[in-house]
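Written out below as structure tokens is the structure these notes cover.
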Amino acid sequence: MTTKVTAAVEFAQENKGRFVEELKELLRIPSISTDPERAGDVRRAAEFVAAELKRIGMENVRLIETSTAKHPSGHPLVYADWLHAELAADGKPKPTVLCYGHYDVQPAEPLDEWKSPPFEPTERDGNLYARGAVDDKGQMWMHVKGLESLMVAGGGKLPVNVRVIVEGEEEVGGEGIASYVRTHGEQLKADVALVSDTEMFAAELPTLCVGLRGMIYTEIEARGARTDLHSGMYGGAAPNPFVALSQVIAKLKDEDGKILIPGFYDNVEKPTDAELKAWKALPFDEEHYRESEVGSISLTGEPGLSVLERTWARPTLDVHGMPGGFIGAGAKTVIPAKAVAKVSMRLVPDMTPAESFAKYKAYVESLTPKGIVLEVRLIHSGDPIVVSTDNEFVKAATEAMREVFGKETVFVRGGGSIPIVGDFVRELKTPTVMMGFGLPDDNLHAPNEKFHLANFHRGIESIVRFLSGVGG
Ligand code: BES
Ligand code: MN
Ligand code: MN
């Protein structure tokens, strides 16, 4: 057994260069799931992943088409399995691990802020820069390369049973995979899910993420006049949808970051004392965070709560953009007929997307300014989740990372969302291990996204050791 782990780790080390070159090929495919014009590229990325899973010896490799009310022709899932692990010494079957990742990426805008183009992966100072480098193509590729290394070292056999599911809609809410889990849950039956789509708390610090915020992503559309109007001829008599939206938005949150939607905090659970104590012990320098991660003149949010508590265990509300009106160069004197605000809220246990959205919608509608018709739409949503740490799989993960990093693992929550994790835990009853290798300065969703290549390789080794450990 141990010799096989060593052989797999050696194989991964000897093939480092090739692994990175393959990842670059995948990163050149602009699989932006939110952009309908990129649907062909999204599919190409799925096919690329499927072809490699097949090549390394996984079985039943296939694309699973997805279709939901919102995305009738959704992006495909990639599925593969290998379910022939030898019985354990006691005659029991080996566990099955479900490896999850996503091959879709966020849009790359603003393009002029990238030092090298987002879909031309470029190495600089030990980092690989590209959209999707760490979120999540690079981390998903660690799973594939970990499996390849184990396959080769095991002469075509893995130490555990493995299923792989890779989705192409995570960045747009993951409705396709959620509906697949609900209708074909038995196809993903596993003892544990391994998710590599989160961050390390700090460089060199092995980290397991044990909680994620949920979210509701919404649009508020405001309509005033029938058509765009001359602002001199009609200004003073015609309603302005941008002003209306600003008035609404200004009433959603106060200066202290408190959300003003009635009842919004009703189901917010306080982190346990043990969690709060553990978070206090994490190496966190608020001033460094403000200066080098956020880069603003000061931080905002609810007074009396730490940054970690505010970003991990409290709901929040943000405005992402307000399409409409005149945004060209120069000036145009127009009262736009309509305007849209994209507004999302992050949720924490035990808030639910449905109830939170209902409260939000009712409140927004109650704020409707004179002369304006508002429409409040839900674009997508996902549940918040806290996973259990009291199981053998978490132990296997911390042991694997201790061998790779020579350090004890810290347990953190993440402020971001991975909608399907809630379904793995609640729907499939599969304990989930979130072992991620991003860094706080990897620029997820931002210009100059990168993956620190040392972490790509350490991630592969950690996954090799984790899968071997779970296999006994
Ligand atoms: N990988 C992220 C989520 C993440 C990042 C969790 C860092 C923990 C730490 C994921 O790809 C993501 O960005 N999710 C979206 C989900 C949304 C579009 C439903 C998010 O959080 O905005
Ligand atoms: Mn991700
Ligand atoms: Mn993301």
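Laboratory data are not the source of any read-out in this text; all were calculated from the coordinates shown. What you see is a predicted model, and the numbers here were worked out from it, not measured in a lab. When we count neighbours, we look across all protein chains shown, and the Cβ atoms used for this are built from the backbone with ideal geometry, even at glycine.
Please state the equivalent ellipsoid semi-axes for the stretch 166-220: what are the square roots of 5 times the Cα gyration tensor eigenvalues, largest first, in whole Å? Don't skip to the answer; put the middle values down first.
On the way: eigenvalues 120, 78, 17 Å².
Here the semi-axes work out to 24, 20, 9 Å.
State the three equivalent ellipsoid semi-axes of the chain, derived from the C-alpha gyration tensor as the square roots of 5 times its eigenvalues, in descending order and whole Å. Please list the in-between numbers first.
Values: eigenvalues 339, 116, 94 Å².
So the equivalent ellipsoid measures 41, 24, 22 Å along its semi-axes.
List the trypsin sites (Lys or Arg not before Pro) within the stretch 226-303 that DSSP assigns to loop and that have no more than 12 neighbouring Cβ atoms inside 10 Å.
Numbers: sites: 226, 251, 253, 258, 277, 280, 290; in loops: 226, 251, 258.
For trypsin sites (Lys or Arg not before Pro) across the stretch 226-303 that sit outside H, G, I, E and B with at most 12 neighbouring Cβ atoms in 10 Å, the list reads 226.
Once backbone amide H atoms are built at 1.01 Å from N, residue 214 has 347, 348, 385 as its partners under 5 Å, excluding neighbours fewer than 5 places away on the same chain.
Going by how many other Cβ atoms sit within 10 Å of their own, how do 172, 319 line up, fewest first?
With the sparsest Cβ surroundings first, the list reads 319, 172.
The mean of 1/r over all distinct Cα pairs in the stretch 191-277, once inverted, gives the Kirkwood hydrodynamic radius of 18.6 Å. Here the calculated FRET efficiency for residue 286 and residue 233, from their Cβ-Cβ distance with R0 = 51 Å, stands at 0.45, rounded to the nearest 0.05.
Here residue 377 and residue 306 are evaluated by their C-beta separation; at R0 = 45 Å the FRET efficiency comes out at 0.85.
All other residues with a Cβ under 10 Å from the Cβ of residue 34 taken together, and with Lys, Arg as +1 and Asp, Glu as -1, what is their net charge? Walk me through the numbers before you get to the answer.
Details: positive: 38; negative: 35, 104, 169, 171.
Summing Lys/Arg as +1 and Asp/Glu as -1 gives -3.
Within the stretch 338-404, all pairs of alpha-carbon atoms sorted by distance into 5 Å bins from zero give the percentages 3, 12, 17, 14, 11, 9, 8, 7, 6, 5, 4, 2, 1. Panel values: the stretch 1-114, Kirkwood radius from alpha carbon pairs, Stokes-Einstein at 10 °C and 1.306 mPa s, translational diffusion coefficient 93 µm²/s. Residues 260, 23, 128, arranged from fewest to most other Cβ atoms within 10 angstrom of their Cβ, appear as 260, 128, 23.
Applying the Karplus relation 6.51 cos²θ - 1.76 cosθ + 1.60 with θ = phi - 60° to the stretch 62-78 yields 3J(HN,Hα) values of 7, 8, 10, 6, 10, 8, 10, 3, 6, 10, x, 10, x, 7, x, 8, 10 Hz, where x marks Gly and Pro.
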